[in-house]
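A short write-up of the structure that comes next.
Just so you know, all these numbers are worked out from the coordinates, no wet-lab data involved. Not measured: the values here are computed from a predicted model. Counting neighbours? That spans all protein chains shown, and the Cβs are built from the backbone with ideal geometry, glycine included.
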Amino acid sequence: MDSYCVFGHPIEHSKSPWIHARFAQLSGQTLQYHKTLVPLDGFASTVHAYHAQGGKGCNVTLPFKTEAAALATRCSPRVRLAQACNTLKFDGEDIFGENTDGLGLVTDLVHNAACRLQGKSVLLIGAGGAAAGVLGPLLSEKPRSIWVVNRTLDKATQLVHRHAELALAEGVDCQAFGLQHDAVLGQSFEVVINASSSSLHQGELPVPASVLSPHGMACDLMYGPAAQHFMQWATAHGAVARDGLGMLVEQAAESFYLWRGVRPPTAPVLAELRTLLAQG
Ligand code: ATR
């Protein structure tokens, strides 16, 4: 039976085995999918051993996404821009690297949440791995603007610089600012995406509510209890709040498609997962 895996550290929390098992059931695919805790200094050897044993592909989560990008023998333009990879596909000696995080976010926003990005003003908060994984696919939706704001301005500047060619090609005003820049605080955005890890620090919000638009989208890439505070805050200020659970399911669907050539149904899987998480 074809075998897939998710590698991370920690990994116990991962919902990927459950999601892929449901995708396989619902699309009539026969496969197995495990989660594996990888020692912090053992990523490359673990992946090579899995490949040698006949594994067909893997997902990669924190903190190995950068190492995965370096390990791939071939990778997509998305991986080159993000400098991070969450999906590897083994094909003979070839290890193809893809990053499905941003594709998953875009599908969730545009299709599941009916939030078209074309022509919109977007505020992307954060310039770490999560923000890097989504900026390219967000630009490809041709919003009017994407302003990337980060506590450490230099990281936002580097991220925007790396995407300058794509932004120009897509006609997007893409700029970097510090979190407290007057230009950012002085306006509201139709779509606000929290890709910072502020939600891990209970009670902290990275930006003031003035950046939110009434009925605009406010999405935290986290899910479960971590996303609750941001979502309650966004709702209280009239925005439409969304967590990262849909992105999680949609990025998994993109990996599944890359490996199997079959698009699994995501809506029932997302609904079931939400119910499962609510039950604790
Ligand atoms: P991840 O892979 O989750 O993106 P990361 O690469 O460590 O993790 O990046 C964390 C991001 O959250 C960074 O943009 C970080 O800002 P700095 O670059 O200034 O460190 C941001 N961040 C973390 N805690 C934050 C907070 N309390 N308020 C605002 N931004 C925060």
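Can you bin the stretch 20-161 into rounded, prolate or oblate? Criterion: square roots of the alpha carbon gyration tensor eigenvalues sorted a ≥ b ≥ c, rounded for a/c under 1.5, prolate for a/b above b/c, oblate for the rest.
Taking the square roots of the gyration eigenvalues as a ≥ b ≥ c, the stretch 20-161 is oblate.
Report the gain in length on full extension from LEU277 to HIS215: 0.36 nm times residue separation, minus Cα-Cα distance, nm rounded to one decimal.
Length difference between fully extended and current span is 19.7 nm.
Quick one: work out the % antiparallel among DSSP beta bridges in the chain, nearest 5. Show your work: numbers first, answer last.
On the way: 8 of 44 bridges.
Roughly 20 percent of the DSSP beta bridges within the chain come out antiparallel.
Tell me, what is the Rg over Rh of the stretch 189-241, with Rh the Kirkwood radius over Cα pairs?
0.91
According to a simple spin-label model (label point 7 Å from Cα along Cα-to-Cβ), what is the distance in nm between GLU165 and SER3?
3.9 nm
So how far, in whole Å, is the C-alpha centre of the stretch 76-134 from the one of the stretch 227-280?
15 Å
With no solvent and one equal point scatterer placed on each C-alpha of the stretch 81-224, evaluate the Debye formula and give log10 I(q)/I(0) for q = 0.09, 0.14, 0.19, 0.20 Å⁻¹, two decimals.
Computed log10 I(q)/I(0) values: -0.26, -0.63, -1.15, -1.27.
List the residues, sorted by chain then number, that are 5 or more residues from GLY57 or on another chain and whose placed amide H is less than 5 Å from its amide H.
Those lying under 5 Å, H to H, from GLY57 are CYS5, PHE90.
Equivalent ellipsoid semi-axes for the stretch 1-94, as square roots of 5 times the alpha carbon gyration tensor eigenvalues: give them largest first, rounded to whole Å.
Equivalent ellipsoid semi-axes, largest first: 20, 15, 14 Å.
Hey, for a label at ASP173 modelled as a point 7 Å past Cα toward Cβ, could you say which residues of the stretch 116-156 have their backbone N under 14 Å away?
119-123, 143-148
Show which lysines lie in cross-link reach of LYS65 when reach means a straight Cα distance below 27 angstrom and same-chain residues fewer than eight apart are skipped.
Partners within reach: LYS15, LYS35, LYS56, LYS89, LYS142, LYS155.
Assuming R0 = 22 Å, can you tell me the calculated FRET efficiency for the pair LEU205 and ALA183, based on Cβ-Cβ distance, to the nearest 0.05?
Efficiency, from the Cβ-Cβ distance: 0.70.
Can you tell me what share of the DSSP beta bridges in the stretch 102-243 is antiparallel? A percent to the nearest 5 is fine.
Here the antiparallel bridges make up roughly 0 percent for the stretch 102-243.
Based on the mean of other beta carbon atoms within 10 Å per residue, what is the order of 272-280, 82-90, most packed first?
Ranked from most to least packed, the peptides come out as 82-90, 272-280.
Please work out the Cα convex hull volume for the chain and give it in Å³ per residue.
125 Å³
How big is the stretch 145-239 along each principal axis, measuring the range of its Cα positions in Å and listing the largest first?
37, 25, 24
For the chain, set up a Gaussian network in which alpha carbons nearer than 10 Å are linked by springs, and say which option among GLY92, GLY216, GLY54 fluctuates the most.
Largest GNM mean-square fluctuation: GLY92.
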